[in-house]
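Reading through the structure tokens given below for one structure.
The values are calculated or read from the model by the stated rules, or taken from the named source; none is laboratory data. Computed from a prediction, not measured in an experiment: that's the story for all the values here. We place every Cβ from the backbone using ideal geometry, glycine too, and count neighbours over all the protein chains shown. When the accessible area is computed, the model is the full protein with side chains, heavy atoms only, and any ligands, DNA or RNA have been set aside. Shrake-Rupley method; radii C 1.70, N 1.55, O 1.52, S 1.80 Å.
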Amino acid sequence: MNEPIIGFDSFRLKLFAARPELALIERFLPDAQKTRVIAFECLLHELVDAATRIAEPQVAEAKLAWWFGELDSALLGMPRHPVTRSLLPATVAAPERGSVQTIEHATHAMRHAPGASDTAQQIQLVANWFASLFEWGRHIHLWPAMDVAQAARARAVHQLVRQLVRLGTEGSVHILSLPLNLMARHQLSRADLGEPSSARDSATRDQLKALQGLLVPDLPKDVDLTTRVRCRLDSAMMARAIVADHPCARLVSDLPRLRITAAWQIWNMARRGE
């Protein structure tokens, strides 16, 4: 068994605080795969944070540039960060440099796109980004097989749900918050999105309905377990929010919680090898 990388545990715990279902999923991952899968989720968490949460563009760009440089160093066999050192041990054959360039291009396209006209266009932008990351994970043999397109689409839905949560917690407006057609339908400006209102609730409800229609709750087994679990949890969470008086507030209360029914579902999926 490999020795744990010094410093990795702090990023692992940071991840579990943001995504509590992963603390339970970790228990059911094969020992040979466990550390690398959680390290990949830590990498995704850091990149998502930089790409969608940091308000100052220059700070976000600097953090993303650092991570892209770190991925390059890792592919050359010189990882410095605890996450990449855990993700790419010396025994793993690394993909070529082009895989990092693909991630860079997809990140730039998502961050600098004008406002999406509808939910489907939002999904495409975000799914392309996640696909570049999942392809990279597949090339370093993180999974024996992976339906990248379905995994990326499910992660894109989850990310757009999280953007709605940010509206409810921070009043934080991002180009991925709501598509232009829903803002026009409900007569909302960008400034309006930062404040609670009946119009924002209605637009959020419409966005959730659109996302729910794009989600496949029962993904095939060639999609990784963490994505399949999150997909089922998202489906139930969106259904509860849609019928709530204040959808954003309901999402805020639901996202950080791991319900008993959800814990049972994770255990059952892992036990049955779903």
Handout entry: Using θ = phi - 60° and Karplus 6.51 cos²θ - 1.76 cosθ + 1.60, couplings along segment 69-79 (whole Hz; Gly, Pro as x)
Key = x, 5, 5, 4, 4, 5, 5, 8, x, 10, x
Exercise for the section: Straight distance only, please: which lysines reach the Cα of Lys14 with their own Cα at less than 30 Å, same-chain residues fewer than 8 apart left out? Expected result: Lys34, Lys63, Lys221
Practice task
Apply the Karplus parameterisation 6.51 cos²θ - 1.76 cosθ + 1.60, with θ equal to phi minus 60°, to every residue of segment 132-141 and state each ³J(HN,Hα) to the nearest whole Hz, in sequence, with x for glycine and proline.
Solution key: 5, 6, 5, 4, 4, x, 5, 5, 8, 6
Fill in the blank from the handout: Between the modelled labels at Ser73 and Phe28 (7 Å from Cα along Cα→Cβ) the distance in nm is 3.6
Fill in the blank from the handout: Summing +1 per Lys or Arg and -1 per Asp or Glu among the other residues with Cβ less than 14 Å from Gly137's Cβ gives -2
Problem - Surface share of carbon and sulfur [accessible, 1.4 angstrom probe, percent] for the chain - result: 56
Exercise for the section: Counting only heavy atoms of the protein chains, get the accessible area per residue of segment 36-138 (1.4 Å probe) and round it to a whole Å² value. Expected result: 42
Handout entry: Selection from Gln124, Ala60, His81, by position along the positive dipole direction of segment 28-164 (Cβ)
Key = His81
Fill in the blank from the handout: Subtracting the Cα-Cα distance of Lys209 and Arg53 from 0.36 nm times their residue separation yields 53.8 nm
Handout entry: Charged-residue dipole, Cβ positions (Lys, Arg, Asp, Glu), segment 117-264 about Cα centre, Debye nearest 20
Key = 240
Practice task
Between Gln121, Gln58, Gln101, find the one with the highest GNM mean-square fluctuation for the chain; connect C-alpha pairs within less than 10 Å.
Solution key: Gln58
Exercise for the section: Would you kindly calculate the mean projected area, averaged across all directions, of the convex hull enclosing the Cα atoms of segment 1-88, in square nanometres? Expected result: 5.9
Completion exercise
The long-range amide H neighbours of Val223, using H built 1.01 Å from N in the peptide plane and a cut-off of under 5 Å, are Asp147
